[in-house]
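Visitor: Here's a structure for you.
The values are calculated or read from the model by the stated rules, or taken from the named source; none is laboratory data. This is a predicted model, so every value here is computed, not measured. With ideal geometry, Cβ positions are generated from the backbone for all residues, glycine too; neighbour counts draw on all protein chains shown. Note: accessible area is taken over every heavy atom of the protein model, side chains too, but ligands, DNA and RNA are not part of it. Shrake-Rupley method; radii C 1.70, N 1.55, O 1.52, S 1.80 Å.
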Amino acid sequence: MSAFSTRFRVRRPGRLAAEAAALLIAVAVAFPLYWMVLSAFKPAGEIQSTEARPWTLSPSLDSFRRVFEQQDFGRYFLNSLLVAGTVVIASALIAFLAATAVTRFRFKFRTTLLIMFLVAQMVPVEALTIPLFFLMRDFGQLNTLGSLILPHLAFSLPFAIWMLRGFVKAVPEALEEAAYIDGASRTRFLWQILFPLVFPGLVATSVFSFISTWNDFLFAKSFLISDTSQSTLPMALLVFFKPDENDWGGIMAASTVMTIPVLVFFVLVQRRLVSGLGGAVKD
């Protein structure tokens, strides 16, 4: 008992320090979100005040009212939803098939292809924006939602394929052989057996694809030049940036509205996300 007590006392300070550090990190991460939501509910007088206070005694919905009264704000929301949803679904299906191919089959340049997936993650998005602009122009995709879907799909696939490769590899080949012995075709094994087993990994990669696409401003600003009806929510924020004085209440309210779909998506997939990340770490 004394030895157990000694070990407990030795470990406890380290555990407390780790918990305190985790709490501080959580506060540092959550505070900007809290300030954004707080500023969205503050009246204009408090936002413009030189004395910043981390609370408000007179919350107001005026900032949200200005956001929803903006012309075509609902259309921008639907455009963002369409782009993000298309990228998530398409990247998940393509990455699943590609990860299965590079894991289960042996073919020429297979290792080179996997290395290219890693190299693609090292190239900064900003360095490819201008070449992508000319590519979208040549394809006639400028001022369309396709100019946002295609680049985001291309950037999300290498990460998704590399991550799903570990999940597919973790499925024993004996299971596949047993399915074939029982009369299952390759298509049936792929969608009815393998797909449910790697679904947590698909959820984890989908979160990455959804967040990066939903928050995109660079591609939207670069490829949607004249047709404002194709704009997405990040572009709607520009309305509140004015030459004389920025509408910080409207900016914070619009940012809060933009955050809600991400939180809803995360809540819906959180259980699958935890198991998916756990499987990735284990692999």
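Visitor: What number goes with the only condition from (1) under 24 Å from Leu202 (Cβ atoms); (2) part of a helix (DSSP H, G or I); (3) without any contact (Cβ under 8 Å) to a residue 40 or more places away in the chain that Pro131 does not pass?
Guide: Looking at each condition in turn, Pro131 falls short on (1).
Visitor: Can I ask one more? Going residue by residue through region 188-210, is there one that turns out to be small (Gly, Ala, Ser) and within 30 Å of Gln70 (Cβ to Cβ)?
Guide: yes
Here is a yes/no grid of residues against (1) assigned to a loop (DSSP other than H, G, I, E, B); (2) modelled with pLDDT under 85; (3) in contact with a helix residue (DSSP H, G or I) (Cβ under 6 Å, 6 or more places away or on another chain); (4) small (Gly, Ala, Ser):
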{"position": "Ile25", "(1), (2), (3), (4)": "no, no, no, no"}
{"position": "Ser39", "(1), (2), (3), (4)": "no, no, yes, yes"}
{"position": "Val67", "(1), (2), (3), (4)": "no, no, yes, no"}
{"position": "Ser80", "(1), (2), (3), (4)": "no, no, yes, yes"}
{"position": "Ile89", "(1), (2), (3), (4)": "no, no, no, no"}
{"position": "Met116", "(1), (2), (3), (4)": "no, yes, no, no"}
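Visitor: Does Val207 fit the bill of being open to solvent by less than 10 Å² (accessible area, probe 1.4 Å) and in the same structural domain as Ala95 (by the TED database)?
Guide: No; evaluated as a whole, the condition is false for this residue.
Visitor: Quick one: count up the residues across region 238-263 that are assigned to a loop (DSSP other than H, G, I, E, B) and either open to solvent by 90 Å² or more (accessible area, probe 1.4 Å) or not charged (D, E, K, R) (or both).
Guide: Looking only at that region, the number is 6.
Visitor: Determine, yes or no, whether Gln141 is more than 26 Å from Ala254 (Cβ to Cβ), in a loop (DSSP other than H, G, I, E, B) and open to solvent by 20 Å² or more (accessible area, probe 1.4 Å). Explain how you work it out, then say what you get.
Guide: Values: more than 26 Å from Ala254 (Cβ to Cβ): yes; in a loop (DSSP other than H, G, I, E, B): yes; open to solvent by 20 Å² or more (accessible area, probe 1.4 Å): yes.
Yes: the conditions hold for Gln141.
Visitor: Does region 7-15 include one or more residues that are touching a residue at least 40 places away in the same chain (Cβ under 8 Å) and not β-branched (Val, Ile, Thr)? Step through it out loud before you land on a result.
Guide: Looking only at region 7-15, we keep the residues that are touching a residue at least 40 places away in the same chain (Cβ under 8 Å), and these are none.
No: region 7-15 contains no residue that is touching a residue at least 40 places away in the same chain (Cβ under 8 Å) and not β-branched (Val, Ile, Thr).
Visitor: Being under 15 Å from Phe96 (Cβ atoms), aromatic (Phe, Trp, Tyr) and either at pLDDT 90 or above or open to solvent by 40 Å² or more (accessible area, probe 1.4 Å) (or both) is the filter here, so list the residues in region 160-181 that pass it.
Guide: Correct list: Trp162 only.
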